[in-house]
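Here's the structure, in structure tokens; my notes come after.
Read-outs: derived from the displayed coordinates by stated rules, not from any lab. The shown structure was predicted, so the numbers you read here are calculated from the model rather than taken from an experiment. A quick note on method: Cβ atoms are made from the backbone with ideal geometry, for glycine too, and the neighbour counts reach across all protein chains shown.
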């Protein structure tokens, strides 16, 4: 875990010329990096640098810094196993077979991304934001960080600070687990705040179904007591396209799927 955080820090410290080749914009670009988010979409620039890498079902990696690819491959494979184990437990908690989500979401071809964020000290943190309020696509997001807190979760209309212990995996529910479970598990609205003293590095790893999977409420749940489906189905790839084009304003894209 620490090796992955250190490797991401080394990547952010590369010369701009070395990072320029990864100036992708789309969520599904194999590798992309940049500063803040797309101003044409958000209208406001946020205080962060980012690196986003597609690691499954096809593995990609920057060529620098030295050793980055090996650390990335080992770390994301281990985290992928954790996510699948958790999804097995969630399946059982719903009264389903432990392999239900794995089969229904075609996890052998699951989409796994690594999103590393660097939040430098900000002179006026009260006027800036690391990331605006949003929910994550996919089933689960696994997060680690360098010991500097800055993640806030929305709970009953209030923003709650998290105190994530270094060396611990922090996991929260994504949009598509909410859809699949017909709302039994809720996607988490969260944001990143900045400070004026310490650099924060966080690594978020969304785990989704395969891109071609149509995610809708599980029929087995609708047969076992749920009165009706609360969400309409949509192909995962199409949802990502909508997310990429929409503005980050705190509204979840799940509103588009709610019936």
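Some values worked out for this structure:
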{"item": "Residues 20, 228, 52, 191, sorted so that the one with the fewest Cβ neighbours within 10 Å comes first", "result": "228, 20, 191, 52"}
{"item": "Using alpha carbons only: equivalent-ellipsoid semi-axes of the chain, gyration tensor based, whole Å", "result": "30, 21, 17"}
{"item": "Residues of the range 162-182 with amide N under 14 Å of a point placed 7 Å along Cα→Cβ from residue 220", "result": "180-182"}
{"item": "Taking N as its residue count, the alpha carbon Rg of the range 1-116 over 2.2 N^0.38 Å", "result": "1.24"}
{"item": "Potential lengthening between residue 28 and residue 99 on full extension [0.36 nm per residue; Cα-Cα distance subtracted]", "result": "22.9 nm"}
{"item": "For the range 140-180: rounded, prolate or oblate by the Cα gyration tensor [a/c cutoff 1.5]", "result": "oblate"}
{"item": "Estimated distance in nm for a label pair at residue 153 and residue 3, the labels positioned 7 Å out from Cα along Cα-to-Cβ", "result": "3.0"}
{"item": "Gained length - residue 198 relative to residue 259, 0.36 nm times residue gap less alpha-carbon distance", "result": "17.6 nm"}
